[in-house]
Each structure stands twice: as structure tokens, then as C-alpha cells.
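The values are calculated or read from the model by the stated rules, or taken from the named source; none is laboratory data. The structure presented is a predicted model; accordingly, all values stated were derived computationally and were not measured. Note that we place each Cβ from the backbone using ideal geometry, even for glycine, and neighbour counts take in every protein chain shown. Keep in mind that these areas ignore ligands, DNA and RNA; they rest on the heavy atoms of the full protein, side chains included. Shrake-Rupley method; radii C 1.70, N 1.55, O 1.52, S 1.80 Å.
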Amino acid sequence: MNLVPVIAIDGPSASGKGTVAHGVAEALGFHYLDSGALYRLTALAAGRRGLSWDDEVAVAGVAAALDARFDGETIVLDGADVSSAIRSEDIGVGASRVAALPAVRAALLQRQRGYARMPGLVADGRDMGSVVFPEAPLKVFLTASAAVRAARRYQQLIGRGEAADLAAITADLETRDARDRARSVSPLAQQADALLLDTDGLGIAEAVDQVLAWWRVKAQA
Ligand code: C5P
């Protein structure tokens, strides 16, 4: 039984869960785990070693031995800053491919659980509430329509000065979501005990406030 309080926030790509989870962690003074970054790091490290993203045994080996750390906003792999490199669309696709491999998920499981430290953790991903922290007292399924999510990702890329094509982004999000929902291990799905937060008409601050309000209720129970 894990006594560290965990808030699990799951949902599809570009739903805003990372930003919301980060805001909730900051407001509560909790640690924050971006579990998607671990799958992105695995895809990047495997690619750099010349491995195919479908080579389950080899990629799981890379995941188990990942020399990576989160240093505030900076993500370090093999001693180098890869914060931007892991956010590319190509690595997003790679992450979703390696994440479908059971041995890769198993290799990253204990590492993710290790982030649960006092005074608490906000973890975002696809299977935080279902597999990694099934005893989390608060589970949120944060989503938004495909059109809104594609528009947000588009704005994010433009904001970073990168080329962006809305139709290609929409198609890519749909492919990744379909793969995340259809895979045999830890498929993306709203858990029965997760509260639904649809952010279509919500700003970041409102979404953070909603999670904090739910947390206050749980913390008093
Ligand atoms: O959240 P983010 O887009 O960074 O995640 C990249 C990919 O990693 C997702 O498309 C998903 O396939 C995978 N992932 C996962 N389980 C998690 C977090 C991410 O399968 N807990």
C-alpha cells in the first residue's frame, strides 16, 4: 500500500493534461511525473542506437537502462539536454509505437512508481490510474474533442517557430489515439473510478481549479 498521495491524470494526446497536471502539482507543492516523456526518451534513445522501434527485446533493454533525469523543465538523456528533441512529432509517433510493446511498459513500471514521494505526486499519462498507480485517491480522465486538440497542438508548434500543418496534425493525433486505445497492454480508456474533465470550453486555470476542488473533497474524506 502506497501512502504517498497520488493524483493520476490520464487522457489522449494534446488534451492539455501535461499543462494541467503541472499546474496542479505546483499549486499543491507535489512532485510531477510526465510519464509520456519516458516513452519519448525510450524512442529517442532507441533511434539513436540504430534500433527499430518494433524490436521489443532491444527497446525494452534501452528502456530499462535509460540514463535520463528530469531537472526542472530540462530533460537530460545520456548527459545531454533533449527537452526539445523529444517533443518532435516523429518522436511522438515513436513513443506511441514503443509504448505498445509489453516488455517496454514492464521495464518502465517501477521507475514510474519511484516518483511517488512525499508530500505527493501528480502523474500524467495514459495508464496512471489503471496500472501504475491503481490506488491513487484521485483519478482524472482529461480530454477534449479531436478538433480542439489538433488546434492546440498546431498553436504549440507555431509558437515554437516550427512548421505545422493542421490536417497532418489531425491525422497524426487520430493514428496515435487509435494505437493507444487498441493496444493489448494498458490501453487508453477512462477508468470507472476516474472523474471526467472535458476541457473543450475550459481554460488551463479553470481546469486546474476543477482538479484542485476534487482533490480538496478527497483530502477531507
Ligand atoms: O503524453 P505524450 O504525448 O508525451 O506521450 C507519448 C506517447 O507515449 C503516447 O502517444 C502514448 O502512446 C505513450 N504513453 C503511454 N503511457 C503513458 C504515457 C504515454 O503509452 N503513461
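Consider D71 carefully, then state whether it is at pLDDT below 95, among the acidic types (D, E) and more than 14 Å from the ligand (Cβ to nearest atom).
On the way: at pLDDT below 95: yes; among the acidic types (D, E): yes; more than 14 Å from the ligand (Cβ to nearest atom): yes.
Yes; evaluated as a whole, the condition is true for this residue.
Return yes or no: is S13 out of contact with any strand residue (DSSP E or B) (no Cβ under 8 Å at 6 or more places or on another chain), closer than 24 Å to L142 by Cα and part of a loop (DSSP other than H, G, I, E, B)? Criteria met by S13.
If I ask for residues that are open to solvent by 60 Å² or more (accessible area, probe 1.4 Å) and not in a helix (DSSP H, G or I), which ones from region 157-176 would you list? Walk me through how you get there before you give the answer.
Filtering region 157-176 for residues open to solvent by 60 Å² or more (accessible area, probe 1.4 Å) gives 158-163, 165-167, 174-175.
Within region 157-176, R160, G161, E162, A163, D165 qualify.
Anything in region 193-219 that is aliphatic (A, V, I, L, M), open to solvent by 30 Å² or more (accessible area, probe 1.4 Å) and in contact with a strand residue (DSSP E or B) (Cβ under 6 Å, 6 or more places away or on another chain)? List them, or say none. Walk me through how you get there before you give the answer.
Our first condition is that a residue be aliphatic (A, V, I, L, M); within region 193-219, this holds for 194-197, 202, 204-205, 207-208, 211-213, 217, 219.
Restricting the remaining residues to those that are open to solvent by 30 Å² or more (accessible area, probe 1.4 Å) gives 195-196, 202, 204-205, 213, 217, 219.
Selection gives L195, L196.
Contact map, region 179-205: residues that are over 22 Å from A107 (Cβ atoms) and modelled with pLDDT of 90 or more paired with residues that are part of a loop (DSSP other than H, G, I, E, B) and away from the ligand (no atom under 16 Å from the Cβ), Cβ distance under 6 Å, separation 6+ or inter-chain. Pairs shown: D200/S145.
Counting only residues that are surrounded by fewer than 20 Cβ atoms within 10 Å (Cβ to Cβ), give me the strands (runs of 3 or more DSSP E) lying completely in region 62-156 with at least 3 of them. So that I can check it myself, show each step before the final result.
Numbers: elements: 68-71, 74-77, 121-125, 138-143.
Passing ranges, in order: 68-71.
All conditions but one from (1) more than 14 Å from the ligand (Cβ to nearest atom); (2) not in a strand (DSSP E or B) apply to T19; the one that does not is (1). Out of all the residues in region 87-112, which are within 8 Å of the ligand (Cβ to nearest atom) and among the polar types (S, T, N, Q)? The answer is S96, Q112.
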